[in-house]
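Asks: One structure, pasted below without further comment.
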Amino acid sequence: MRGEGQGGGDTVHETYDVLIIGSGPAGLFAAIQLERLGFGSIAVIDRLAYTAGGLLNDGKLNFDHRIGIDLDELKIDVVTARRYIDEIKEIFVRFPRCRQVTSIKKNPKIDVLMSIAHEHGVQFIAPEQWHWGTDNGKAVVDYLRSYLKKTVFHLETEVVSIEKGIGRAYRVVAGKRGKTLRMEGSVILAAPGRSGAYWFRDTADKLGVDHNFGPIDVGVRLELNRKFYDDITNIVYDPKIHFQDRRT
């Protein structure tokens, strides 16, 4: 359980079951799931009032296991991936400003596009897509935070270090408006995002935690005149085209 804030001077001590570093989509959905599982005390820590990326971009959601994840790396099968995607989708589509922009049900036009792509040695992927737009970024963050009834947020709070505490506990030392916060927890989930990736790499090295930087996903973006591409984007809002290696 969470202990009362205490300590002398400008230092505050608190204890939680789980500490989550980062309030982006990974951190928020982790907290939502932990609350569902019955964890009593959770804290989310972020150096910003609103996370820098992720949820504050254009807000295009691709509900398809072939986009953005590596099933082999996650060690899950397609059925499990779809179940997780459905759980996430259930939450996002309830956001009032999120609207469906691509439906894949009973759409023969998509089959035609797939066939044409296959003839040219590429794979045309048409995911079910929803969209909320950049202007609604902060609103969707507030919406996701509203799911959390017991989680404590320490925003505008920058993590300085992660230390090993007593026994199996870990301690996070953070600074907020001139005060030092020392928070302990049995579990720390680190989701610092792209901006905190190098910091976490160095922190993991100090703690003796194994880690591995994933490969960079390199893509090609083509800007085309609308008259060449409208026939496709009128069917699939944000189509994905995978260039297959003809040598295999």
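Asks: For the chain, set up a Gaussian network in which alpha carbons nearer than 10 Å are linked by springs, and say which option among VAL122, VAL18, VAL173 fluctuates the most.
Replies: VAL122
Asks: Next question. Using the heavy atoms of the protein chains and a 1.4 angstrom probe, tell me the accessible area per residue for segment 70-133 in square angstrom.
Replies: 67
Asks: Under a 1.4 angstrom probe, counting protein chains only, how are VAL101, VAL187 ranked by accessible area, largest first?
Replies: Largest accessible area first, the list is VAL187, VAL101.
Asks: To test your reading of the geometry: what angle, between 0 and 90 degrees and rounded to tens, separates the Cα axis of helix 78-92 from the longest principal axis of the chain?
Replies: Helix 78-92 and the main axis of the chain meet at about 70 degrees.
Asks: Using only the Cα atoms of segment 130-248, what are the Rg and Dmax in Å?
Replies: Considering segment 130-248 through its Cα atoms, Rg and Dmax are 21.7, 65 Å.
Asks: Could I ask something else about it? So how exposed is LYS164, as accessible area in Å² (1.4 Å probe, rounded to 10)?
Replies: Looks like 130 Å² after rounding.
Asks: Oh, and also: On the accessible surface of the chain, probed at 1.4 Å, how many percent belong to carbon and sulfur atoms?
Replies: With neighbouring chains kept in place, the figure for the chain is 51 percent.
Asks: What is the angle, in °, between the Cα long axis of helix 25-36 and the longest principal axis of the Cα atoms in the chain? Nearest 10 is fine, range 0 to 90.
Replies: Approximately 70 degrees, to the nearest 10.
Asks: Within the chain, which is the longest segment containing none of the GluC sites (Glu not before Pro) that sit in a DSSP loop and have at most 15 other Cβ atoms within 10 Å?
Replies: 5-155
Asks: Quick one: how many Å² of HIS211 are accessible to a 1.4 Å probe, rounded to 10?
Replies: Result for HIS211: roughly 80 Å² accessible.
Asks: For segment 146-205, with every protein chain kept in place, what is the accessible area per residue (1.4 Å probe, Å²)?
Replies: I get 61 Å² per residue for segment 146-205.
Asks: Cross-link list LYS60/LYS149; LYS109/LYS240; LYS60/LYS240; LYS60/LYS138; LYS89/LYS150; LYS60/LYS150: which exceed 19 angstrom alpha carbon to alpha carbon?
Replies: Beyond 19 Å between Cα atoms: LYS60/LYS149; LYS89/LYS150; LYS60/LYS150.
The values are calculated or read from the model by the stated rules, or taken from the named source; none is laboratory data. Because the structure is predicted, anything quoted here is derived from the model rather than measured. As a convention, Cβ positions derive from the backbone with ideal geometry for all residues, glycine included, and neighbour counts pool all protein chains shown. When the accessible area is computed, the model is the full protein with side chains, heavy atoms only, and any ligands, DNA or RNA have been set aside. Shrake-Rupley method; radii C 1.70, N 1.55, O 1.52, S 1.80 Å.
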